[in-house]
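The values are calculated or read from the model by the stated rules, or taken from the named source; none is laboratory data. Just so it is clear, the model here is predicted, and its values are computed rather than measured. Cβ atoms come from the backbone with ideal geometry, glycine included; neighbour counts cover every protein chain shown.
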Amino acid sequence: MTADRKHEAREKFLLGGLVVKAGLTMADRAFLLGGFLELAKIAPGSSEYRRLRDIGEEAFKIPKLDGGSRRIAEAAE
């Protein structure tokens, strides 16, 4: 396996881990893609970008998210 393919495989693995961490493993793929496309429209540095990033930072501090996205929402409050 080339270095580029290893890097790409690792990126996909890490991104999949985010889906698991958010409790979205059972979510419809089209729903997830739609959400990602909407997120891609948010300008870096905007207040919405910072708000969502802060939620993510807090979620990373939670060791295990058994309750999925509900626990993430609680962390955001």
Residue identified as in contact (Cβ under 8 Å) with a residue 24 or more places away in the chain, out of contact with any Gly (no Cβ under 6 Å at 6 or more places or on another chain) and hydrophobic (A, V, I, L, M, F, W, C) among L33, L24: L24
The range 1-40, residues that are among the β-branched types (V, I, T) and under 12 Å from the mean Cα position of the chain (by Cα): V19, V20, T25
All positions within the range 19-37 that are of a type outside the set (A, V, I, L, M, F, W, C) and farther than 25 Å from K61 by Cα: D28, R29, G34
Restricting the range 22-77 to residues that are among the hydroxyl-bearing types (S, T, Y) and loosely packed, with under 12 Cβ neighbours inside 10 Å, the residue that is modelled with the lowest pLDDT: T25
